[in-house]
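Trainee: Quick one: the structure is below, and I'll ask about it shortly.
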Amino acid sequence: MIQAVVFDLGEVLASPPDLLPMLAERLVVPVDDLAPLYWVGRDAYDTGADDAAYWAPLLEALDRPTDAEFMDEIALLDAGIWTGLRPDARQLLRDCRHAGRQVAVLSNSPHAMQVMADRAPWREDLDRLFISASYGVVKPDPEIYRLVTDDLRLPAERIAFVDDRPANVDAAAAEGWQAHLFVSDDDTRAWLERLGVLLPRANPQP
């Protein structure tokens, strides 16, 4: 029986279409100038590199300020945008918890995400929040799944996991988790129903 459901955050629970436009607006630069720089160095940032290591080169390339105060502001803005959950996604968290399962988020994210996620309204819907920067390892490294398994104190086969990246799903499955590639909120709900985590929704009456 599944006793814990672990969700990825970005592009699974949250899919902000305004991420780059909002950052570009604050930086006062064209989105097209920001877009090719945004993912450069992101893996190291998510593994625990500090804000300056990621943001200073990006800001320098855009001829923006690189003082610590401004970088901190931009880092928190970036993380905060990623904490905007879709209503249907948040309902999944609540329904899994109402079903008596532990609910967790496992996200490849920087330290700033720990700050902003802890402030987010949906934090109350989680039992555990795993931010990769806090552990110094990112998905799909097997170590992060082992760390989460140990923290949840469950056999691996009793953990269900949803992620949008095939490599992350495959790595979780290799560690014994029940893993699912995200397609949509409805598809995730249907999968959790098949696992017996959630009961099928009653069909609406005509």
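The values are calculated or read from the model by the stated rules, or taken from the named source; none is laboratory data. Just so we're clear, the structure is a prediction, and the values are computed from it rather than from any experiment. Cβ: placed from backbone, ideal geometry, glycine included. Neighbour counts: every protein chain shown. Keep in mind that these areas ignore ligands, DNA and RNA; they rest on the heavy atoms of the full protein, side chains included. Shrake-Rupley method; radii C 1.70, N 1.55, O 1.52, S 1.80 Å.
Trainee: Whole number in Å², please: accessible area per residue of the chain, 1.4 Å probe, ligands, DNA and RNA not counted.
Mentor: Values: 10000 Å² over 206 residues.
About 49 Å² of surface per residue is accessible.
Trainee: Separate question: Roughly how much of ASP151 is accessible, in Å² to the nearest 10, using a 1.4 Å probe?
Mentor: ASP151 exposes around 60 Å² with every protein chain in place.
Trainee: Computed FRET efficiency, Cβ-Cβ of ARG119 and ASP151, R0 35 Å: what is it to the nearest 0.05? Walk me through the intermediate numbers first.
Mentor: On the way: r = 22 Å, r/R0 = 0.62.
Approximately 0.95, to the nearest 0.05.
Trainee: Just the number, please: carbon plus sulfur as a percent of the accessible area of the stretch 51-162, 1.4 Å probe, no ligands or DNA/RNA counted.
Mentor: Working: 2320 of 4930 Å².
After summing per-atom areas, the C and S share lands at 47 percent.
Trainee: Moving on. May I ask you to derive the FRET efficiency for LEU76 and HIS98 from their Cβ-Cβ distance with R0 = 25 Å, giving the value to the nearest 0.05?
Mentor: 0.20
Trainee: Sort HIS180, HIS111, HIS98 from largest to smallest accessible area, using a 1.4 Å probe on the heavy atoms of the protein chains.
Mentor: Details: HIS180 25, HIS111 85, HIS98 165 Å².
Of HIS180, HIS111, HIS98, the descending order of accessible area is HIS98, HIS111, HIS180.
Trainee: Something else now. How big is D, in µm² s⁻¹, for the stretch 1-92 by Stokes-Einstein at 10 °C and 1.306 mPa s if Rh is the Kirkwood radius over C-alpha pairs? All intermediate terms of the calculation are to be shown ahead of the outcome.
Mentor: Numbers: Rh = 14.5 Å.
After rounding, the answer is 109 µm²/s.
Trainee: Right, here's the next one. Quick check: the angle from helix 185-194's long axis to the longest principal axis of the chain, C-alpha only, nearest 10 degrees?
Mentor: 30 degrees
Trainee: Can you compute the charge dipole magnitude of the stretch 27-79 about its Cα centre, using +1 on each Lys and Arg Cβ and -1 on each Asp and Glu Cβ, nothing else charged? Give it in debye, rounded to the nearest 20. Write down the numbers at each step before the final one.
Mentor: Working: 2 positive and 13 negative charges, 31 e Å.
With Lys and Arg at +1 and Asp and Glu at -1, about 140 debye.
Trainee: If you don't mind, another one. Sequence gap at least 6, Cα distance under 8 Å: using those rules, report the relative contact order of the chain to the nearest whole percent. Before the final figure, lay out the partial values.
Mentor: Numbers: 307 pairs, mean separation 55.8, N = 206.
The normalised contact order for the chain reaches 27 percent.
Trainee: State the answer as a single residue: which of LEU62, SER109, PRO36 lies farthest towards the positive end of the charge dipole of the stretch 4-112, with beta carbon charges of +1 for Lys and Arg and -1 for Asp and Glu, about the Cα centre.
Mentor: SER109
Trainee: Let me ask something additional. Using alpha carbon centroids, what distance separates the stretch 75-140 and the stretch 144-186, in Å?
Mentor: 15 Å
Trainee: For the chain, find the longest principal axis of its Cα atoms and tell me its angle to the long axis of helix 68-82, 0 to 90°, nearest 10.
Mentor: 30 degrees
Trainee: Give me the one-decimal nm value for the distance between modelled label points at ASP187 and ALA35, 7 Å along each residue's Cα-to-Cβ direction.
Mentor: Placing both labels 7 Å along Cα→Cβ, they lie 2.4 nm apart.
Trainee: Using the Karplus curve 6.51 cos²θ - 1.76 cosθ + 1.60 with θ = phi - 60°, what ³J(HN,Hα) values do you get for each residue of the stretch 86-92, in whole Hz, with x for Gly and Pro?
Mentor: 5, x, 5, 5, 5, 4, 4
Trainee: From the helices alone, meaning DSSP H stretches of at least four residues, give me the mean residue ellipticity at 222 nm for the chain, per-run term -39500 (n - 2.57), in deg cm²/dmol to the nearest 500. Intermediate values should be presented prior to the final figure.
Mentor: Working: 11 runs with 104 residues, N = 206.
Using -39500 (n - 2.57) per qualifying helix, the result is -14500 deg cm²/dmol.
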